[in-house]
1. Is it true that some residue in the stretch 42-65 is farther than 22 Å from Asp150 by Cβ and modelled with pLDDT under 95?
2. Condition first: in contact with a helix residue (DSSP H, G or I) (Cβ under 9 Å, 6 or more places away or on another chain), crowded, with 23+ Cβ neighbours inside 10 Å and basic (Lys, Arg). Can you find one or more residues in the stretch 112-121 that meet it?
3. Being among the basic types (Lys, Arg), touching a residue at least 12 places away in the same chain (Cβ under 8 Å) and in a loop (DSSP other than H, G, I, E, B) is the filter; apply it to the stretch 158-185 and report the residue that is surrounded by the fewest Cβ atoms within 10 Å (Cβ to Cβ).
4. Name every residue in the stretch 52-63 that is without any contact (Cβ under 8 Å) to a residue 24 or more places away in the chain and either under 17 Å from Tyr232 (Cβ atoms) or within 16 Å of the chain's Cα centre (by Cα) (or both), in order of residue number.
5. Within the stretch 186-274, which helices (runs of 4 or more DSSP H) (wholly inside it) include 2 or more residues that are buried (at least 17 other Cβ atoms within 10 Å of the Cβ), of a type outside the set (Gly, Ala, Ser) and in contact (Cβ under 8 Å) with a residue 12 or more places away in the chain?
6. Which residues, taken from the stretch 117-157, are in a loop (DSSP other than H, G, I, E, B) and either within 21 Å of Val245 (Cβ to Cβ) or hydrophobic (A, V, I, L, M, F, W, C) (or both)?
7. Say whether the condition of being free of Cβ contacts under 8 Å to residues at least 60 places away in the same chain and over 18 Å from the mean Cα position of the chain (by Cα) is met by at least one residue in the stretch 88-100.
Amino acid sequence: MPNYKGYKNPSLVVSAEEARSLLNKPDVIFIDTRNYWKYAKGHIPGAYNFELYAFHWIDTTIEGIKAFTKQMAILFAALGVTRKTVVVFYQNNSGYDAARGVWLLNLLGHDRARLLDGGFNLWKRMKFPTSTKDPEPRNRSNAREFRVDDSLLATKDSLLSSLAKGSPQVLDVRNKGEFDSTFRRARKAGHLPDAVNREWKMALSRDGSLKSARELQKLYSEIKPELRTVTYCQSGYRAAHSWLVLKLLGFENVKNYLGSWYEWGNDPVTPVSK
């Protein structure tokens, strides 16, 4: 989709029209990230249900990341995903569960994951086909073919080290109350030192689709694309969405802090600003 919405790197998203053209292709898998009861009422034909919000992770030690990535590789392999498979993630809108799926596969060294822009709501508005039938399972793939790309991942230790050196730029994508310590969702309230706050959903249009590149560039004007950037939220889901948006804008060095505030805010030694 060259020039889709003016994005410099549109390869992480797919329009509803293009997604429809991918239906029934053997090298394409659709993954519905909503809960099963929403999925059962109607979904894109052939889509598999994989409720990604069920997989929180707050241990970003070396051992913790190894355990997490091994688990996710096994789960994606069970769906038949290989590194050559085009995978389209969706939910009702262009939301953070689907974006989390795109980030996860990129973390596992898979570069053919896409977010369905506008999600299932747009799909239905365009009167594209839907189904209530569960698809037949695919052959299981080999989880060992996935290779973790550490360049997409921020950890507690890497952040502590880099913040001590005055970098990187940090983007807090939670709501204002979480950021300014009005809402306490961990042992400590507040935000990472020098973080810039832009709530993730500000990147969405009123219809639930992603805003254009021009609108997004204005929204993130304080974030410099040439600098290393870390996104975080409460548990790494909303942060995955903002990671995807920055990548669409051409940011090359963006990391998602997987543990986010669940890990940082519950650690007694991590620095916090209010």
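1. yes
2. yes
3. Across the stretch 158-185, the extreme among qualifying residues is Arg185.
4. Ala54, Phe55
5. 238-248, 260-264
6. If the condition is that a residue be in a loop (DSSP other than H, G, I, E, B) and either within 21 Å of Val245 (Cβ to Cβ) or hydrophobic (A, V, I, L, M, F, W, C) (or both), then Asp117, Gly118, Met126, Phe128, Phe146, Val148, Asp149 are the ones that fit.
7. Of all residues in the stretch 88-100, those free of Cβ contacts under 8 Å to residues at least 60 places away in the same chain come to 89, 91.
Now restrict to residues that are over 18 Å from the mean Cα position of the chain (by Cα): none.
Within the stretch 88-100 (the criterion being free of Cβ contacts under 8 Å to residues at least 60 places away in the same chain and over 18 Å from the mean Cα position of the chain (by Cα)), the answer is no, since none of the residues qualifies.
One line per residue, one yes/no per condition, for (1) farther than 30 Å from Arg185 by Cα; (2) among the charged types (D, E, K, R):
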site: Asn3; (1), (2): yes, no
site: Tyr7; (1), (2): yes, no
site: Pro10; (1), (2): yes, no
site: Thr33; (1), (2): no, no
site: Trp37; (1), (2): no, no
site: Glu51; (1), (2): no, yes
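The values are calculated or read from the model by the stated rules, or taken from the named source; none is laboratory data. Computed from a prediction, not measured in an experiment: that's the story for all the values here. We place every Cβ from the backbone using ideal geometry, glycine too, and count neighbours over all the protein chains shown.
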